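The values are calculated or read from the model by the stated rules, or taken from the named source; none is laboratory data. On a predicted model such as this, the values are computed, not experimentally measured, just so you know. Methodologically, a virtual Cβ is constructed for each residue, glycine included, from the backbone with ideal geometry; neighbour enumeration extends over all protein chains shown.
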Amino acid sequence: MADRVYFFDTTLRDGEQSPGATMNFHEKLRLAHQLEILGVDCIEAGFPASSQGDFASVQAIARQAGDNVQIAGLARCVAKDIDACWEAVKEAKHPRIHTFISTSPLHMQYKLRKSPDEVVAMAVAGVTRARSYTGNVEFSCEDFSRSDRDFVVRIVGEVIAAGATTINLPDTVGYSQPEEFADFVSYVILNTPGSEKVVWSVHCHDDLGLAVANSLAALKVGVRQVEVTLNGIGERAGNAALEEVVMALQVRRDIYGLTHGIQSEQLYPSCRLLSMIIGQPIPLNKSIVGANAFAHESGIHQDGMLKHRETYEIMTPQSVGRKETHLVIGKHSGHNAIRQKFESLGYHFDESELNALFVAVKDLADRKKNIHDEDLMALVQQEIYRIPDRIKLRHVSVQCSDGGSVPPVAAVLMDIDGEEKSAAGFGCGPIDALFNVISDLVGRAPALEQYAINAITGGTDALGEVTVRVREKNFSAIGRGNHPDIFVASARAYVDALNNLAKREAEGMRLHQLSSHEAEQPQE
């Protein structure tokens with residue numbers, strides 16, 4: 001039994017199915033690149049048959065992928081799904097087709113409306129078709145944890161004979177308990193003909209808060225691939241969190257004795273990037289990457305830490321990429337220093353991108369005394385990884401009020417389709433006034449579904465990060481903005497949301513659901 005664990009990241013597929021976690025084309029490419037830097041073994045880039053947008057992003061990720069990562073697409077055991085999947089991933093240096101079908105009595109009866117014999121036949125046909133394209137084929141038993149043991153052994157044995165090289169056993173609804181799950185997985189591995197020919201995998205959901213525990217339990221009985229997401233995002237309560245599994249294996253090597261290829265110092269930068277892209281702040285108490293993960297307030301804890309760090313810390317902040325940053329970059333920094341700093345954070349830019357960041361860093365340094373890594377990462381998202389906008393914010397002025405005879409007022413100067421426009425107006429508060437004026441200038445006023453402020457770093461001069469989610473008719477969009485002045489950050493976020501809303505309408509980014517029998521999203 002090999003001691004190498006393979007990390008299969010499904011942030012871009014299962015993770016994106018999490019409510020509010022939709023990413024645009026460019027954001028998916030950026031995140032895929034970061035996953036390569038992180039060192040994941042396989043990136044599940046999407047579900048190509050679900051929409052033209054998903055197909056295009058999977059294809060682009062496959063084209064940009066390097067030599068050290070596999071690119072997988074998801075497909076049901078349906079011929080046209082598998083064909084579309086291959087077309088999307090075939091240009092990757094290491095493509096994989098991941099096909100699945102439900103195996104629990106509940107799913108077979110009510111979802112598929114198929115008999116067990118029909119399901120086995122579909123599975124074998126799907127794997128056979130996938131194998132005609134590539135030797136790298138993964139098969140998943142959807143709702144494995146509620147399936148009959150001997151039926152799983154039967155269907156898995158037949159798909160191995162048909163050419164599957166990875167077998168995935170998902171706890172699709174987060175139902176299993178660790179000992180129970182490990183026992184079931186072990187039974188299948190020990191009783192399936194040809195089990196030694198394949199890599200065994202698990203994909204666990206967190207409905208009962210046990211996704212990571214179940215994944216680790218499975219690793220102890222012979223599983224060697226874990227399917228995970230950054231920050232544990234995913235359907236319903238989410239998936240097993242990549243960073244938690246990695247650090248459990250690393251900190252408790254004495255228990256597991258397993259190795260992996262993840263660069264743990266890239267865990268925080270990766271999770272932080274995802275957080276910025278989807279506009280969902282990392283919870284303060286999130287293990288490994290949360291702001292409080294290495295914070296100590298209790299006097300007893302602080303005393304222990306001062307005497308010996310390991311009294312209350314089982315890993316170092318540096319081991320997960322949480323580095324204390326002093327004033328290294330500022331208004332006197334040159335191009336080369338800024339380039340080297342970004343490269344130390346895992347970014348590589350061409351001259352035009354570096355010039356844009358140089359200006360942004362100088363502008364920030366004029367207003368903020370200390371510039372932290374988090375500030376620089378926010379600038380990258382703000383200045384580089386954004387689609388060109390038709391609406392641009394130039395200047396903002398806000399006058400606050402305590403609600404007396406003069407209400408809060410905002411004045412805004414913008415460029416709209418190359419034309420300079422300005423206006424001023426009132427609101428119930430300064431943010432309301434800002435959004436009202438911007439809406440009047442742009443000519444659209446979508447419903448505001450979410451407004452959130454997050455201080456990226458500490459201090460009164462902290463860079464404020466604002467996230468807004470807007471909806472108009474059938475379309476929704478997320479906007480992000482950052483600035484030391486939260487009113488400017490709010491205006492930037494709202495303008496970004498309006499731009500993204502327009503792009504969604506123009507580019508058809510809203511997912512096109514499959515026709516009647518294809519409509520449901522995979523839940524494996």
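The table that follows gives values for the structure above.
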quantity	calculated
Every pair of residues 6+ apart whose Cβ atoms lie under 7 Å, when the first sits in the stretch 141-153 and is over 12 Å from residue 188 (Cα atoms) and touching a residue at least 40 places away in the same chain (Cβ under 8 Å) while the second is crowded, with 23+ Cβ neighbours inside 10 Å and of a type in the set (Val, Ile, Thr)	142/101; 142/103; 142/172; 143/103; 143/172
Selection count where residues are touching a residue at least 12 places away in the same chain (Cβ under 8 Å), surrounded by fewer than 23 Cβ atoms within 10 Å (Cβ to Cβ) and over 17 Å from residue 498 (Cα atoms), scope the stretch 457-471	5
The stretch 288-298 - residue that is in contact with a helix residue (DSSP H, G or I) (Cβ under 6 Å, 6 or more places away or on another chain) and under 26 Å from residue 342 (Cα atoms) and, of those, surrounded by the fewest Cβ atoms within 10 Å (Cβ to Cβ)	294
Output for the stretch 356-368, where each listed residue is under 28 Å from the mean Cα position of the chain (by Cα), under 16 Å from residue 339 (Cβ atoms) and not aromatic (Phe, Trp, Tyr)	356, 357, 360, 361
Filter result (within 25 Å of residue 199 (Cβ to Cβ) and assigned to a helix (DSSP H, G or I)) within the stretch 39-55	48, 49
Candidates 66, 73 - the one that is farther than 18 Å from residue 277 by Cβ, buried (at least 22 other Cβ atoms within 10 Å of the Cβ), of a type outside the set (A, V, I, L, M, F, W, C) and not assigned by TED's automatic domain parsing to the domain that holds residue 469	73
Residue count, the stretch 75-94 (criterion: touching a Gly at 6+ places or on another chain (Cβ under 7 Å) and within 12 Å of residue 46 (Cα to Cα))	3
Hits in the stretch 315-335 (condition: at pLDDT 80 or above and not in a loop (DSSP other than H, G, I, E, B))	317, 318, 319, 320
Criterion (at pLDDT below 90 and loosely packed, with under 14 Cβ neighbours inside 10 Å) met by exactly one of 474, 454, 482	474
Test result for residue 250, under 15 Å from residue 10 (Cβ atoms), modelled with pLDDT of 95 or more and polar (S, T, N, Q)	no
Residue ID - surrounded by the fewest Cβ atoms within 10 Å (Cβ to Cβ), chosen from residues in the stretch 35-47 that are in contact (Cβ under 8 Å) with a residue 40 or more places away in the chain and not small (Gly, Ala, Ser)	37
Counted residues, the stretch 205-224 - those being surrounded by fewer than 23 Cβ atoms within 10 Å (Cβ to Cβ), free of Cβ contacts under 8 Å to residues at least 40 places away in the same chain, farther than 21 Å from residue 271 by Cβ and in contact with a helix residue (DSSP H, G or I) (Cβ under 7 Å, 6 or more places away or on another chain)	2
Search result, residues across the stretch 248-260 that are in contact with a Lys or Arg (Cβ under 9 Å, 6 or more places away or on another chain) and not in a loop (DSSP other than H, G, I, E, B)	255, 256, 259
Pick from the stretch 340-355, criterion under 26 Å from the mean Cα position of the chain (by Cα) and assigned to a helix (DSSP H, G or I), ranking: modelled with the lowest pLDDT	344
Those residues of the stretch 149-170 which are touching a Lys or Arg at 6+ places or on another chain (Cβ under 9 Å) and not β-branched (Val, Ile, Thr), in sequence order	162, 163, 164
Selected residue [touching a helix residue (DSSP H, G or I) at 6+ places or on another chain (Cβ under 9 Å), crowded, with 22+ Cβ neighbours inside 10 Å and of a type outside the set (Phe, Trp, Tyr)] from 56, 79, 60, 32	32
Residue that is nearest to residue 172 (Cα to Cα), among those in the stretch 4-18 that are of a type outside the set (S, T, N, Q) and part of a helix (DSSP H, G or I)	15
Residue check, residue 227 buried (at least 19 other Cβ atoms within 10 Å of the Cβ), closer than 17 Å to residue 15 by Cβ and modelled with pLDDT under 95	no
Some residue of the stretch 39-52 being among the hydrophobic types (A, V, I, L, M, F, W, C), over 14 Å from the mean Cα position of the chain (by Cα) and farther than 30 Å from residue 119 by Cα	no
Residue selected from the stretch 348-366 under the condition out of contact with any Lys or Arg (no Cβ under 7 Å at 6 or more places or on another chain) and under 19 Å from residue 456 (Cα atoms), by the criterion surrounded by the fewest Cβ atoms within 10 Å (Cβ to Cβ)	363
Residue within the stretch 439-450 that is exposed (fewer than 15 other Cβ atoms within 10 Å of the Cβ), under 32 Å from the mean Cα position of the chain (by Cα), modelled with pLDDT under 95 and among the charged types (D, E, K, R) present	yes
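So that you can scan it fast, the table gives a plain yes or no per residue for (1) part of a loop (DSSP other than H, G, I, E, B); (2) of a type in the set (Asp, Glu); (3) not assigned by TED's automatic domain parsing to the domain that holds residue 158:
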{"position": "183", "(1), (2), (3)": "no, yes, no"}
{"position": "188", "(1), (2), (3)": "no, no, no"}
{"position": "202", "(1), (2), (3)": "no, no, no"}
{"position": "222", "(1), (2), (3)": "yes, no, no"}
{"position": "227", "(1), (2), (3)": "no, yes, no"}
{"position": "234", "(1), (2), (3)": "yes, no, no"}
{"position": "246", "(1), (2), (3)": "no, no, no"}
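For every residue, the table says whether it meets (1) polar (S, T, N, Q); (2) not in a helix (DSSP H, G or I).
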position: 20; (1), (2): no, yes
position: 28; (1), (2): no, no
position: 36; (1), (2): no, no
position: 57; (1), (2): yes, no
